[in-house]
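The values are calculated or read from the model by the stated rules, or taken from the named source; none is laboratory data. Remember, it's a predicted structure, so these values are computed and weren't measured experimentally. Here the Cβ positions follow ideal geometry from the backbone for every residue, glycine too, while neighbour counts run over all protein chains shown.
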Amino acid sequence: MSDKKALTAGSRTGAASKAAAAGLKKNQPPKPDKPKDTRSHEQIKSDVVKNRDSLAQTLDAIEFKLNIPKRAKYETAQLKAKVLALREENPAALVAGIAGVAALVGTGIFFGVRSATRR
């Protein structure tokens, strides 16, 4: 008997919910009419192609930004191209840069070993 009461109470609640939802729909303002699309079929096709290209470019940019190994390869290739261009344009500057980096590394090693032996 309690099962029957639960079923009828559930169906009444369901009916009340439906009535409340219908009442809410009645109180809503009318939806505005959609403007008619006056574009031709060819214009719509060209818009779709433009949007696809734009989406593809956006997805490529996101992929490039999130793909760390790919970015590392790209940056390495860029640095290599810059070094090769410098080698062609001004080899003396390249040699001076390499010597400067070697001097910094050597100085760092020297002071690192020196501080390690003094402890």
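For residue 79, state whether it is surrounded by 10 or more Cβ atoms within 10 Å (Cβ to Cβ), modelled with pLDDT under 95 and touching a Leu at 6+ places or on another chain (Cβ under 8 Å).
Here the answer is no, as residue 79 does not meet what is asked.
Going residue by residue through region 2-12, is there one that turns out to be more than 33 Å from the chain's Cα centre (by Cα), in a helix (DSSP H, G or I), at pLDDT 70 or above and loosely packed, with under 10 Cβ neighbours inside 10 Å?
no
Please go through (1) loosely packed, with under 10 Cβ neighbours inside 10 Å; (2) at pLDDT 90 or above for residue 43 and return the number of the only condition it doesn't satisfy.
Every listed condition holds for residue 43 apart from (1).
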